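Asks: I am attaching a structure below and will ask some questions about it afterwards.
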Amino acid sequence: MPLTAPSAAPLLAVNDLSISFGSHESADPSPPKAVDAISFAIAPGQTLGLVGESGSGKSATSLAILRLLSPNARTTGSILFDGHELLTLSESAMRRHRGRDIAMIFQEPMTALNPVMPVGAQIAEAVEAHHPELSRSAVKSRVLEAMHQVALPDPERRVRDYPHQFSGGQRQRILIAMAIVNQPRLLIADEPTTALDVTVQAQILALLRDLRLTHNLAMLFISHDLAVVSQACDQPGDRIAVMQHGRIIEEAATRDLFLTPGHPYTRQLLASAPTMHTDRSRPLASVSSRTASSE
Ligand SMILES: Nc1ncnc2c1ncn2[C@@H]1O[C@H](COP(=O)(O)OP(=O)(O)O)[C@@H](O)[C@H]1O
Ligand SMILES: [Mg+2]
């Protein structure tokens, strides 16, 4: 696909990545692969959408990039961040990347936040983890700036409030503030809107779009929902990769994927997801591909 490949050098280049999970007890020499030889790249300012049904290996892929997979995971292949191999990096070097150059937003805003700590203190912890040299007031001004950037109402007053005092959408904004407060270059968003209702989901997607355009962020946007992914990957240069049973079965520029889907599974996903590109005069199909899925 030389005509649609990103023009800038990739910030993240995943090559031939495979992940399998063995159990601690049985030393199975060849457990089934949760992720099977996938490759993709993301340039600064570009968003790659990763879409696929539950269990297809999306979260395992994102956790592998952050090196946060459970100890029973076996990972092979290559993950280059800014030209440096992450898979062989020492744990201390990896900790310096995590939450600073590479940040992540997870699905569940309530479980990802500490319920007994004011939200401002939680965002401050994210700053202090990477910038111990900053004074208290410098940390505080970064916290407030991040809260403003994610359009949380009245940050100066609410910085001392606890997570339960915010709505679900606001809690997701707090997590996004934590993710961007150290000005990362790569943002991984794994089902960031799945727990939210449709209106709030649209607001969060708009916020992520604003943030990534302002900061020239590279973004890996993960969802089981093709309609959501297509909204997140709506800028020129954005691409969508379709995952099924651990493999990327198709990857294309967003527009091309909708206009000329190459794989039957992609066509099924398209037929079952109403999007701006869908012919709304026709009934929606349902996806029925859960043959070898583990759930
Ligand atoms: N810690 C783990 N131990 C064993 N199997 C796992 C673990 N994490 C994920 N898996 C398996 O890996 C596959 C991919 O999971 P996951 O990446 O979470 O899928 P998705 O995010 O696309 O729903 C699934 O079959 C899942 O059961
Ligand atoms: Mg997942």
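The values are calculated or read from the model by the stated rules, or taken from the named source; none is laboratory data. These numbers were taken from a predicted model, which means no experiment stands behind them. Using ideal geometry, Cβ is built from the backbone for each residue, glycine included, and neighbour counts are taken over all protein chains shown. Accessible surface is based on the protein model in full, side chains and every heavy atom, while ligands, DNA and RNA are left aside. Shrake-Rupley method; radii C 1.70, N 1.55, O 1.52, S 1.80 Å.
Asks: By accessible area of protein heavy atoms, probe 1.4 Å, what ranking do Leu144, Leu257 get, highest first?
Replies: Ranked from most to least accessible, the order is Leu144, Leu257.
Asks: Rounded to the nearest 0.05, what FRET efficiency is calculated for Thr260 and Arg160 with R0 set to 45 Å and r the Cβ-Cβ distance?
Replies: 0.30
Asks: Taking 7 Å along the Cα-to-C-beta vector as the label spot, tell me the Ala9-Ser39 distance in nanometres, rounded to one decimal.
Replies: Here the answer is 1.9 nm between the modelled labels.
Asks: Next up: Sort His97, His164, His224 by accessible area with a 1.4 Å probe, largest first. Intermediate values should be presented prior to the final figure.
Replies: Working: His97 35, His164 125, His224 90 Å².
Ranked list, largest accessible area first: His164, His224, His97.
Asks: So what is the accessible area of the chain per residue, in Å², with the probe set to 1.4 Å? Please list the in-between numbers first.
Replies: Working: 14190 Å² over 295 residues.
Here the residues of the chain average 48 Å² of exposed surface.
Asks: Kirkwood hydrodynamic radius (Cα pairs, Å) of the chain? Intermediate values should be presented prior to the final figure.
Replies: Working: mean 1/r = 0.0500 Å⁻¹.
That comes to 20.0 Å for the chain.
Asks: Shifting gears a bit: Once the Cβ-Cβ distance between Thr111 and Asp225 is put in as r, and R0 is 25 Å, what FRET efficiency do you end up with, to the nearest 0.05?
Replies: Values: r = 20 Å, r/R0 = 0.81.
Efficiency computed from Cβ-Cβ geometry: 0.80.
Asks: Quickly work out the Ser78-to-Arg95 label distance, labels modelled 7 Å from Cα along the C-beta direction, and quote it in nm with one decimal.
Replies: 2.9
Asks: Right, next: Sort 8-19, 231-242 by the packing proxy (mean of other Cβ within 10 Å over each peptide's residues), most packed first.
Replies: 231-242, 8-19
Asks: Continuing with the same structure: Given the -39500 (n - 2.57) contribution per DSSP H run of 4+ residues, what per-residue ellipticity at 222 nm results for the chain, rounded to the nearest 500 deg cm²/dmol? Spell out each step's value before the answer.
Replies: Details: 11 runs with 102 residues, N = 295.
Taking each H run of at least 4 residues, the total per residue is -10000 deg cm²/dmol.
Asks: Subtract the Cα-Cα distance of Glu128 and Ala206 from 0.36 nm times their separation in residues, and report this length gain in nm to one decimal.
Replies: 25.2 nm
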